[in-house]
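Q: Pasting a structure here, questions to come.
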Amino acid sequence: MQDYTLAELCIVAAAQAWRNDGEVLASGIGLLPRLAASLAKLTLNPALLMTDSECMLVAEPVPVGPRKNGSEPLFEGWMPYARTFDLLWGGRRHAMVGPVQIDRYGQSNISFVGEYARPKSAFLGVRGFPGNTINHANSMFVPNHSTRVFVAAEVDMVGGVGYNAARWPGGRKPAGLDLRIIVTDLAVLDFEGPDHQIRVASLHPGIAFEQVQENTGFPLARPGTIPATVAPTAVELDLIRRVLDPHDLRATVFKGNPPGDRAGRS
Amino acid sequence: MLDKRMTPAEIVGRLEDGMTIGIGGWATRRKPMALVREILRSPLKDLTVVSYGGPDVGLLCAAGKIRRLVFGFVSLDVLPLDAHFRAARQAGAIECTEYDEGMVLLGLRAAGMRLPFLPTRSGLATDVLRVNPSLRTIRSPYEDGEELLAVPAIELDAALLHVTEADQLGNSVILSPDPFFDDLFARAARACYLTCERLLPTDEICSREKARYNPFERSVVTGVAHVPYGAHPTASTPGYGIDVAHLKEYSDATGDAWPGYCAKYVDLADHAAYLAAVGGAARLDAIQAPVF
């Protein structure tokens, strides 16, 4: 088996999010989610719609980083910002985003930490999280799995809707609410525990359940046996390294660019 | 014949303290920055600003012009966070109406349609309702009976937009690849002011080929100012890209560094002086578009 980095492992794990989605818009926000969506389109689900991260639909994923002068992606349509709302309100989208905080319900925050009127730390604002999470599938990427991100209480500003019935209109689950997976530097989580409790779906090589739980501010569902996150294949590594990220920007995602198997065998 | 030509100073002279001002473009694209700098040079204060926010919001925050901000995000895109917006918000210096981006869209659309609200699911089950206690829900009057969020109309006293080409009648075209929400801002406003890269005779503004780039009718336009490079340091493609180097300098100019930035780029006689300060037209023409 080839050596691979943690970033490469996470790209491959995150690509799985879009496997069974059919013809939806795959929006990977940020470097690693974008590479994951791109890999999904090249391998698991070629039917995915994808943009050039500006306003064009592309028939092939656009590599990240500098490209040859004059090299244009293969365009297949136009997706200006206003149309993105038309599309997402119809539900045919699956985004992967990087929240600042996530709570036990899968509620997410990208707005601020602290109090609304005078936050300790201001980030972007709720952006499209409220509309995204009540209309279409969403997954998340967390590069620093810790109790600062996976908070014990509710997130400071609930921007992304989660499985918290107390907040749902009339106590009924919104039809469009569909949280899928959370890929972190330690594990892949899903919402398949009892009542959508967040569950450890797979552990990255060399990581124990206890380590994931210690770095999470709420109890995680623990299946009887937890598989290891599947290592990248040679084909996947080739696509990531040669086609999608030829300048190795992914080396900047995790501090020190650690190997994928932290037990030291990789 | 109609002649809506104005100078940036004349446009800003029409604005008043306490007004609700919509700013077009998106983050670091096609922001009417020359008008924003003109506002910084004016005594205007207590503005409510509605924006898909970028350095327009940051500059107005840094200068203390904003009382309330209606927004979904503020970002410099290539630099994820705007330092001036962050500083103002963390100091409690601005009041916030924080909405989902789609709610901003619907609020503007409702105003343009002269409706009190438009319904949506976006915002339900989130803290957008907690932090905006005046928001109301409405039940569908049909069999489904679904509870929906009623996004109130966002009525603007003025909209400020930057377009590629315009004529003196207020006809315009946006040749950049994304028109964003400028049409919604234009219709939501009692007065809409444009700056343009090129001011052209009417027979050069619109052809069958260019007609699709005409975002709204001239009847919603109050004034037009000819301001080449008026979106700098944001992009106005196909003319020029985002000036990332300038955005970094702007971003670093917080606290004690702010007066220096102002002296160098804001407190100037006019837009020509600004262009000279940022390196001149030739430099701006040569800026490569950032790769996304």
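The values are calculated or read from the model by the stated rules, or taken from the named source; none is laboratory data. Not measured: the values here are computed from a predicted model. As a convention, Cβ positions derive from the backbone with ideal geometry for all residues, glycine included, and neighbour counts pool all protein chains shown.
Q: Name the pairs: first residue in segment B:66-80 and at positive phi, second residue buried (at least 16 other Cβ atoms within 10 Å of the Cβ) and part of a strand (DSSP E or B), Cβ to Cβ under 9 Å, at least 6 apart or on different chains?
A: Listed pairs, sorted by first residue: B:ASP77/B:TRP26; B:ASP77/B:ARG29.
Q: Of the residues that sit in segment B:196-247 and are hydroxyl-bearing (Ser, Thr, Tyr) and in a loop (DSSP other than H, G, I, E, B), which one is farthest from B:MET33 (Cα to Cα)?
A: Taking the candidates together, the pick is B:SER207.
Q: Tally up the residues in segment B:248-292 that are under 19 Å from B:ALA34 (Cβ atoms) and either touching a strand residue (DSSP E or B) at 6+ places or on another chain (Cβ under 6 Å) or in a helix (DSSP H, G or I) (or both), please.
A: Total meeting the criteria: 21.
Q: Please find, within segment A:102-133, the residue that is surrounded by the most Cβ atoms within 10 Å (Cβ to Cβ) out of those that are of a type in the set (Val, Ile, Thr) and assigned to a loop (DSSP other than H, G, I, E, B).
A: A:VAL126
Q: What's the number of the only condition in (1) on the phi < 0 side of the Ramachandran plot; (2) in the same structural domain as B:GLY22 (by TED's automatic domain parsing); (3) more than 16 Å from the chain's Cα centre (by Cα) that B:MET113 fails to meet?
A: (2)
Q: Tell me which residues, restricted to segment B:97-155, are more than 18 Å from A:GLY125 (Cβ to Cβ), β-branched (Val, Ile, Thr) and more than 8 Å from every other protein chain (Cβ to nearest Cβ).
A: B:ILE138
Q: Please go through segment A:64-83 and pick out each residue that is free of Cβ contacts under 8 Å to residues at least 12 places away in the same chain, under 20 Å from A:LEU31 (Cα atoms) and surrounded by 14 or more Cβ atoms within 10 Å (Cβ to Cβ).
A: A:ARG67, the sole residue that qualifies.
Q: If I ask for residues that are surrounded by fewer than 24 Cβ atoms within 10 Å (Cβ to Cβ), in a strand (DSSP E or B) and either assigned by TED's automatic domain parsing to the domain that holds B:ILE138 or touching a residue at least 60 places away in the same chain (Cβ under 8 Å) (or both), which ones from segment B:159-195 would you list?
A: Once the filter is applied, which keeps residues that are surrounded by fewer than 24 Cβ atoms within 10 Å (Cβ to Cβ), in a strand (DSSP E or B) and either assigned by TED's automatic domain parsing to the domain that holds B:ILE138 or touching a residue at least 60 places away in the same chain (Cβ under 8 Å) (or both), segment B:159-195 yields B:THR164, B:ALA191.
Q: Out of B:ARG212, B:ARG283, I need the residue that is more than 27 Å from B:GLY13 (Cα to Cα), basic (Lys, Arg) and within 14 Å of chain A (Cβ to nearest Cβ). Which one?
A: Unique residue meeting the criteria: B:ARG212.
Q: Give the residues of segment B:67-79 that are more than 7 Å from chain A (Cβ to nearest Cβ) and more than 17 Å from A:TYR116 (Cα to Cα), sorted by residue number.
A: Listed by number, the residues that qualify are B:LEU76, B:ASP77, B:VAL78, B:LEU79.
Q: On the basis of being in contact (Cβ under 8 Å) with a residue 12 or more places away in the chain and among the hydrophobic types (A, V, I, L, M, F, W, C), does A:ALA208 make the cut?
A: In short, no.
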